[in-house]
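Below you'll find the structure, written out as structure tokens, and then a few comments.
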Amino acid sequence: RGLEALAGFSGLAVMPAGNESVLLPPLATSTPAFAVVGAAAISDGTEASYSNHGPGVSFHAPGDAFILTEPGVIARQKGTSFAGASFAAVAALVAATKEIQDGSTRLSEISSATAQASGPRIPSFSDL
């Protein structure tokens, strides 16, 4: 079933690209609002070395320097799962603040049109 299950879906489906550092071919899907998100390195904003890449990746989002906590443990994590979640959160904010008319404006188009370079370096937790 996979991508076929998204037929007729009117939202934005977000999928992490994966952390194997391999080339992803374009995905064959008729779902217009489908984003495969790779990870960008926090240190310089470039594609993270571990992130899958290529024409199958729609967007990149920060994927490093996520601090996770649980009782007695603080750990720094990275990965495209974090990048995908960050992208989905931003897309939800965009959807909440922009008028989206079904069939005329898609979240993927808004994301592409409004994304901006973050500059030469994204601040990291070590800057705190």
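The values are calculated or read from the model by the stated rules, or taken from the named source; none is laboratory data. Keep in mind that what you see is a predicted model, and the values were worked out from it rather than measured. Neighbour counts are summed over all protein chains in view; Cβ atoms, including those assigned to glycine, are modelled from backbone coordinates with ideal geometry. Just so you know, the surface numbers come from the protein's heavy atoms only, side chains and all, with ligands and any DNA or RNA stripped out. Shrake-Rupley method; radii C 1.70, N 1.55, O 1.52, S 1.80 Å.
Which sequence of 70, 47 reflects their accessible areas, 1.4 Å probe, from the largest down?
Heavy-atom accessible area, descending, gives 70, 47.
Semi-axes of the equivalent ellipsoid for region 44-90, please: Cα gyration tensor eigenvalues, times 5, square-rooted, ordered largest first, whole Å.
For region 44-90, the ellipsoid semi-axes come out as 23, 12, 8 Å.
Report the local net charge at residue 61: Lys and Arg +1, Asp and Glu -1, summed over other residues whose C-beta lies under 15 Å from its C-beta.
Surrounding charge for residue 61 is -2.
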